[in-house]
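The values are calculated or read from the model by the stated rules, or taken from the named source; none is laboratory data. No experiment lies behind these values; they were computed from the predicted model shown. Here the Cβ is made from the backbone with ideal geometry for all residues, glycine too, and neighbour counts use every protein chain on show.
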Amino acid sequence: MLCQICKLNEATVRYTEIISGGLTEIHLCQECAQSEGKTIGADFGFAGLFAAAHPEVKVPDAAGSDAAQECMCCGLSFGEAMSKGRLGCAECYTAFKDRLLPLIERVHGASQHVGKVPSETDSSLRVRGELLRYRSKLRKAVELENYEEAAQLRDQIREIEEGMVEG
């Protein structure tokens, strides 16, 4: 598709805008996108995009000393993964686990996906999801030797489990 402004170059930027409730989509070449201010820059990779969305979370440095570590399966380095914003294969999760896991936990609040529960779903499914979250928090509290919080979480888990038996 050709750029909708210059009609000479191949369109590489898709710009979507909502105006008065209507969706407008424009396809631009890199030069026209930059001159129109409709691009985020060529070097604005995952780290920059993520940092803009989550300023409270420190993104691992893609150019750091450990950025050269590579996935044994696909050969992608951690630095490349951070700049591209995607991993090369499923094995990358294992290769870069020590750097990805803390980042995922800070962003999502957990490292295990529990999914979403539709509002009309059976309440017992929601309760089971709540139990999983409390048990995860309990494990963390014990790991951090925060026994007071762990005791409170244990009691909350017991209350929920007793409610499940009664209900």
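Would a scan of the range 68-88 turn up a residue that is modelled with pLDDT of 85 or more, in a helix (DSSP H, G or I) and among the aromatic types (Phe, Trp, Tyr)? No, that holds for no residue.
Listed by first and then second residue, the pairs linking a residue in the range 86-109 that is among the basic types (Lys, Arg) to a residue that is surrounded by fewer than 17 Cβ atoms within 10 Å (Cβ to Cβ), with Cβ atoms under 6 Å apart and 6 or more places separating them unless they lie on different chains, are Arg106/Val57.
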